[in-house]
C-alpha cells in the first residue's frame with residue numbers, strides 16, 4: 001500500500017481483516033465472499049478518499 005498514512009490506516013487495517021470474514025462452505029461461503037467483496041470495495045473507496053484529501057491538503 002503505497003499511500004498508507006495515519007488518515008487511511010483504519011481502512012487499511014479493516015482491509016487486512018477481510019479474509020477472516022469469509023466463512024463456511026458451498027453456498028454459505030459464496031454469500032460470505034460476496035459480502036467480503038462489497039466490503040472491500042467500500043473500504044478501498046474510504047482508503048482512496050482519505051489519501052485524496054491528504055494530497056489536496058499538501
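Things worth noting here:
- Summed over qualifying helices (DSSP H, 4 residues or more, each -39500 (n - 2.57)) and divided by its residue number, the chain shows a 222 nm mean residue ellipticity of -24500 deg cm²/dmol.
- Protection proxy ranking for 24-33, 37-46, using the average of other Cβ atoms within 10 Å per residue and placing the highest first: 37-46, 24-33.
- Ordered by the count of other Cβ atoms within 10 Å of each Cβ, fewest first, 4, 15 give 4, 15.
- Among the listed options (1) 1.34; (2) 2.08; (3) 2.45, the one matching Cα Rg over 2.2 N^0.38 Å as calculated from these coordinates is (1).
The numbers here are math on the coordinates, done by the rules we state, and not lab data. A quick note: this is a predicted structure, and the numbers were derived from the prediction, not measured. When we count neighbours, we look across all protein chains shown, and the Cβ atoms used for this are built from the backbone with ideal geometry, even at glycine.
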